[in-house]
Amino acid sequence: MRILWLATKLPWPPVDGGRLVAQLTLEALADLGARVTVLSPIWDASGVEESAAALEAIGGRLEAVSVTPRPRLLDAALSPLARRPWTVRRHAHRAVRRRAQALVSAESFDLVHAEQVQAFDAGAGLGLPLVLRAQNVESDLWHALARRRRILAAPLRVEGSRLAAYEAEAVRTASATVALTEADAGRLRELAGVGADQVQAIPAPFPGALKPASGSPRPAVARLEGDPAVVLFGSPGWWPNRDGARWFLESAWPAVRAAHPRARLHLFGFDGAGSPGVDVHPAPRSSAEAMPPGSILAVPLFVSSGVRMKILEAWARGVAVLASPAAARGLRYESGRELVVADGAEQWAQGVTAVREAGERLIEAGRTALGDHAPAKVAQALAAVYRRRLDAVAD
């Protein structure tokens, strides 16, 4: 099977959850014999060489198209006049659409895969089955942001409504849509007014066990200071991560410190210098640097969609997880079994105690839960979606 994979960003290096989902899926599809060409816009050369080499190693190839981003403020101001939501316009580039058309004209692809709704525009009208994988329900994220940002609530709600309409049309237009969780699949069906045959939930892929990183630019940390050592990291470019980190530092961490005076918080990539009991580290090149054995991963999100790949990675690395309800959303779990869920500052302090008492039981249960995310199983389910759509065209 030959697939044209439309992306909004390079899959390598996997420095955020979206890239990691893409990377693991591409590798698993290659193991099934699929040949994938990834078409992605680029703003500079970072990641191009690594992505090209990684794809070549699995029998695929990279088509990188240089683009110039439009000024954010100007683009946002003009967005109400455009037919597409602002976040879609930010990722829609004529050069990418033209390259997609040229590739389809010159080569024999079986189908097109759009990774995220922002990549959907480049795949429409190519004359091939188009499968959309929505890592998030974007409109729900924007509506949630509006509830947390009262000053900008009105324009954020407008953007959320425009995104909802765009997502609904994309789902109706696509040959099939895949979501990472059943909750997201149900929401997309609701938006588009379609049934389960049109939108299917297939979990994010993740291997069952990982070893500490080796050969990374900074060696993997053997152990972090603190009893316990609490770790918080994530892409600071994604606003829910910044929002959650700020709340945790200001509200939850004082309560944790009061209950556990010897605890230390290790922030990777976030600002918190000078706060009591806090150590600040550079953003990790490899997330294994932020998940040493014996630490507790804190995931304090208020807004989420899709699934948190850092939780799956913590399970695979044998690191216990303490998360907010929003962060755990979409996972099959029971609080106190695979992870501990905390809602509110005092519950986070109690949650640290619960994690320490549960010990290895959390880690073993988390690794067991990864069976649902086995890359081979995920790739087979995705390939089955592809084949059904190809068979429908053939009929």
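The values are calculated or read from the model by the stated rules, or taken from the named source; none is laboratory data. The model shown is predicted, which means the values in this text are computed figures rather than measured ones. Neighbour counts run over all protein chains shown; Cβ positions are idealised from the backbone, glycine included. Just so you know, the surface numbers come from the protein's heavy atoms only, side chains and all, with ligands and any DNA or RNA stripped out. Shrake-Rupley method; radii C 1.70, N 1.55, O 1.52, S 1.80 Å.
Assorted remarks:
- Residue pairs whose Cβ atoms lie under 8 Å apart, sitting 6 or more positions apart in sequence or on different chains, and linking a residue in the stretch 306-318 that is acidic (Asp, Glu) to a partner that is surrounded by 24 or more Cβ atoms within 10 Å (Cβ to Cβ) and in a helix (DSSP H, G or I), are Glu313/Ser287.
- Look at (1) outside any helix (DSSP H, G or I); (2) under 23 Å from Gly234 (Cα atoms) and you find that Arg337 fails only one, number (2).
- Among the candidates Ser275, Ser324, residue that is on the phi < 0 side of the Ramachandran plot and crowded, with 24+ Cβ neighbours inside 10 Å: Ser324
- Selection within the stretch 9-39 - crowded, with 21+ Cβ neighbours inside 10 Å and β-branched (Val, Ile, Thr): Val21, Thr25, Val36, Val38
- The residue that is surrounded by the most Cβ atoms within 10 Å (Cβ to Cβ), counting only those in the stretch 43-58 that are under 18 Å from Val96 (Cα atoms) and hydrophobic (A, V, I, L, M, F, W, C), is Ala52.
- Check on Leu132, open to solvent by less than 10 Å² (accessible area, probe 1.4 Å), touching a residue at least 60 places away in the same chain (Cβ under 8 Å) and touching a strand residue (DSSP E or B) at 6+ places or on another chain (Cβ under 7 Å): no
- With respect to the stated conditions, Ser287 is open to solvent by 10 Å² or more (accessible area, probe 1.4 Å), under 13 Å from Leu232 (Cα atoms), modelled with pLDDT under 90 and among the hydroxyl-bearing types (Ser, Thr, Tyr).
- Count of the stretch 261-275 residues which are in a loop (DSSP other than H, G, I, E, B) and modelled with pLDDT of 90 or more: 3
- Within the stretch 67-120, restricting attention to residues that are loosely packed, with under 13 Cβ neighbours inside 10 Å, aliphatic (A, V, I, L, M) and at pLDDT 85 or above, the residue that is farthest from Val137 (Cα to Cα) is Ala106.
- Consider the stretch 1-31 and keep the residues that are out of contact with any helix residue (DSSP H, G or I) (no Cβ under 7 Å at 6 or more places or on another chain) and modelled with pLDDT under 95. The one that is nearest to Val178 (Cα to Cα) is Gly18.
Residues are listed down the side, and each one gets a yes or a no for (1) in contact with a His (Cβ under 7 Å, 6 or more places away or on another chain); (2) assigned to a helix (DSSP H, G or I); (3) within 23 Å of His260 (Cβ to Cβ):
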site	(1), (2), (3)
Asp279	yes, no, yes
Gly294	no, no, yes
Gly306	no, no, no
Gln350	no, yes, yes
Gly366	no, yes, yes
Gly371	no, yes, no
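- Among residues of the stretch 236-263, those that are closer than 22 Å to Val303 by Cβ and either under 25 Å from the mean Cα position of the chain (by Cα) or of a type outside the set (A, V, I, L, M, F, W, C) (or both), counted: 17
- For Ala288, the conditions (1) in a strand (DSSP E or B); (2) more than 23 Å from Glu346 (Cβ to Cβ); (3) hydrophobic (A, V, I, L, M, F, W, C) all hold with the exception of (1).
- Every residue from the stretch 175-194 that is out of contact with any helix residue (DSSP H, G or I) (no Cβ under 7 Å at 6 or more places or on another chain) and either open to solvent by 60 Å² or more (accessible area, probe 1.4 Å) or not β-branched (Val, Ile, Thr) (or both): Leu180, Glu182, Ala183, Asp184, Ala185, Gly186, Arg189, Glu190, Gly193
- Subset of the stretch 308-320 (residues that are surrounded by 22 or more Cβ atoms within 10 Å (Cβ to Cβ) and in a loop (DSSP other than H, G, I, E, B)): Arg308, Val319
- Meets criteria (aliphatic (A, V, I, L, M) and open to solvent by less than 60 Å² (accessible area, probe 1.4 Å)) for Val158: no
- Cβ separations smaller than 6 Å between residues 6+ apart or across chains give the following pairs from the stretch 92-114 residues that are more than 13 Å from Thr8 (Cα to Cα) to residues that are open to solvent by 60 Å² or more (accessible area, probe 1.4 Å) and of a type in the set (A, V, I, L, M): Asp110/Met1.
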